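Asks: My questions will all concern the structure given below.
The values are calculated or read from the model by the stated rules, or taken from the named source; none is laboratory data. These numbers come from a predicted model, not from an experiment. Backbone-built Cβ (ideal geometry, glycine too); neighbour counts: all protein chains shown. What goes into the accessible areas is simple: the full protein's heavy atoms, side chains included, and nothing from ligands, DNA or RNA. Shrake-Rupley method; radii C 1.70, N 1.55, O 1.52, S 1.80 Å.
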Amino acid sequence: MDEISIRIRTGQRCRTLADHGLLERKSDGYYSLTELGARDLDEDIDAGELDTDH
């Protein structure tokens, strides 16, 4: 997989995680982990807590 394909795929995945409230897109274009995202990494959330309206 080439670098451009990796960047496109990474962007798509970040947008999906942001749609579910696990990441937040900052004004500079970077993403940061939300509190919910950190709790997910710690395996401390219920699937029902994820925003699935998107």
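Asks: With a point put 7 Å past each Cα toward its Cβ, work out how far Gln12 is from Glu43 in nm, to one decimal.
Replies: 2.9 nm
Asks: Something else now. Per-residue ellipticity at 222 nm for the chain, helices alone: DSSP H runs ≥ 4 residues times -39500 (n - 2.57), over residue total, nearest 500 deg cm²/dmol?
Replies: Only helices count here, giving -14000 deg cm²/dmol.
Asks: What number does the chain give for Rg over Rh if you use C-alpha atoms and the Kirkwood radius? Display every interim value, and only then the final one.
Replies: Details: Rg = 12.4 Å, Rh = 12.0 Å.
Rg/Rh: 1.04.
Asks: Over the chain, with every protein chain in place, what whole percent of the accessible area is carbon and sulfur at 1.4 Å, could you tell me?
Replies: Numbers: 2140 of 4480 Å².
Carbon and sulfur: 48 percent of the exposed surface of the chain.
Asks: At most 14 other Cβ atoms within 10 Å and a DSSP loop assignment: could you name the trypsin sites (Lys or Arg not before Pro) in the chain that fit? Walk me through the intermediate numbers first.
Replies: Working: sites: Arg7, Arg9, Arg13, Arg15, Arg25, Lys26, Arg39; in loops: Lys26.
Listed in order of number, the matching sites are Lys26.
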